[in-house]
Amino acid sequence: MLNAALTSSMLLTAAHAAANVLYVSSYSGKVTTLDLNSARSPSCRVADNVPVLKAVSSTDGCAVSPSWLTLDHAHSTLFCIDEALPSDKGSLSSFKTNSNGSLTTLNKAVTLGGPVSGAGAGALTTWDVSNPSNLTLVQSELYHMDKPGPIADRQNAPHPHQTLLDPTGKFILVPDLGADKIYVYAVAANSLRLTVLPPIVVKAGSGPRHVAFAVRDDKTFMYLVTELANTIIGYEVTYPDGGIEFKELFNIDSHGAGKPVSEAVYAAEILVSPDAKFLIVSSRGDNTFSIPNFDRKNSTNITSDPLINFSIDGETGSLTPIQEAPCGGRYPRQFSINKAGTLVAVGQQKDARVVLIKRDPESGKLGDFVGYADVAGEITSVIFNE
């Protein structure tokens, strides 16, 4: 399944569901809905403690191993990708999002094995989701490697880890952790058919994981976070003659230039703020912070990995570190920023916890924890209903 193709097929309508919820996927096999309004309820607030986000609904319609969520908010439709570990087949499910936060299953289709973020284990598939009750396969692209990469235990086969549309909606990027490449495709103007373009080759052993784009005035930048080398690679993106080209600008450590980390640390998510002025990267295994427990009955501090916060230079695309902040737990595999840029929701994979962090859109800095919820299973994805 291709979450970028999902985005390209969406048309705006007036059908919206409840706004103040988070959707959470985890390896428990469930997709859970958390009520953001519950954090404002007096019954959920205790002095000097973080409010609890109430679970209002859950479904196992995306089982066995939900790994990624994509929302078509305009059509009140949620899509969930299932890795179905350890099966050699995954699945793509669609749900109607209801005003009370619940999800109604619409359809479930079998995919190629192990889809993590729309891209499968050695393959990419695209789907027509114009009718979410009838998910239809459009195209499959199989990946191959002649030999393992430098880190053989992680790069013994292709491992595409994400699909993402560029800002024009005309091209799709697929970072492959195993092959040390970013596959590039052009999307046909009148269909979801893809045309293969030359890939971006990155330094061997890097392990490309996720990319994010920033559009500043007349310039477009792309940022790649690598999981195995723990780096951020910056590119300037141009569109000569309707095509797309990438010029590498820099390759820095994921915590900032000159700040290498141990081999036990793995960079994960990378996102650009809604105003394209800031970039945040999550890192797993650092154990940088010790913070007070969210549960007032528990005096044991929480070990927390960091979110690394950068400002983006609009002229050069360069990154300047401005902050390292606790993410609220261990292994922040994925996080989301709301459209207003005022909140960050983080999924703590190893702590089975979702944390909500206040953010200042002007300075870009992360502030207090303003909500949390314990959710069964290893958290794989958390998104705002926007």
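The values are calculated or read from the model by the stated rules, or taken from the named source; none is laboratory data. This is a predicted model, so every value here is computed, not measured. Here the Cβ is made from the backbone with ideal geometry for all residues, glycine too, and neighbour counts use every protein chain on show. Surface accessibility is based on the protein's heavy atoms, side chains included, excluding ligands, DNA and RNA. Shrake-Rupley method; radii C 1.70, N 1.55, O 1.52, S 1.80 Å.
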Among the candidates ALA276, ALA229, ALA214, ALA257, residue that is within 22 Å of the chain's Cα centre (by Cα) and either within 17 Å of ASP176 (Cα to Cα) or surrounded by fewer than 16 Cβ atoms within 10 Å (Cβ to Cβ) (or both): ALA229
Criterion: surrounded by 21 or more Cβ atoms within 10 Å (Cβ to Cβ) and among the aliphatic types (A, V, I, L, M) - qualifying residue of VAL202, VAL265: VAL202
Among the residues of segment 46-61, how many are modelled with pLDDT under 95 and open to solvent by less than 30 Å² (accessible area, probe 1.4 Å)? 2
THR70: free of Cβ contacts under 8 Å to residues at least 60 places away in the same chain and buried (at least 20 other Cβ atoms within 10 Å of the Cβ), yes or no? no
What is the one condition in (1) of a type outside the set (A, V, I, L, M, F, W, C); (2) farther than 24 Å from ALA345 by Cα; (3) touching a Ser or Thr at 6+ places or on another chain (Cβ under 6 Å); (4) assigned to a loop (DSSP other than H, G, I, E, B) that ASN251 does not satisfy? (4)
The residue from SER38, SER43, SER8 that alone is of a type outside the set (Lys, Arg), under 21 Å from LYS339 (Cα atoms), open to solvent by 40 Å² or more (accessible area, probe 1.4 Å) and at pLDDT below 95 is SER8
Do any strands (runs of 3 or more DSSP E) lying entirely in segment 90-180 carry at least 2 residues that are crowded, with 17+ Cβ neighbours inside 10 Å, free of Cβ contacts under 8 Å to residues at least 24 places away in the same chain and under 18 Å from the mean Cα position of the chain (by Cα), and which ones are they? none
List the pairs whose first member sits in segment 304-318 and is more than 19 Å from LEU366 (Cα to Cα) and touching a residue at least 60 places away in the same chain (Cβ under 8 Å), whose second member is open to solvent by 10 Å² or more (accessible area, probe 1.4 Å) and among the aliphatic types (A, V, I, L, M), and whose Cβ atoms are under 6 Å apart, counting only residues at least 6 apart or on separate chains? GLY317/LEU249
Quick one: would you say ALA373 is touching a Pro at 6+ places or on another chain (Cβ under 9 Å) and either part of a strand (DSSP E or B) or closer than 15 Å to ALA276 by Cα (or both)? no
Find the residue count for segment 192-225, including only residues that are in contact with a Leu (Cβ under 8 Å, 6 or more places away or on another chain) and polar (S, T, N, Q). 1
What strands (runs of 3 or more DSSP E), lying completely within segment 278-347, carry at least 3 residues that are farther than 21 Å from THR70 by Cβ? 278-284, 289-291, 302-304, 306-312, 319-326
Just to be sure before I move on: is GLY347 surrounded by fewer than 21 Cβ atoms within 10 Å (Cβ to Cβ) and among the small types (Gly, Ala, Ser) in the structure I sent? no
Can you name the residue in segment 279-303 that is more than 23 Å from ASP360 (Cβ to Cβ), among the polar types (S, T, N, Q) and in contact (Cβ under 8 Å) with a residue 24 or more places away in the chain and, of all such residues, is surrounded by the most Cβ atoms within 10 Å (Cβ to Cβ)? THR303
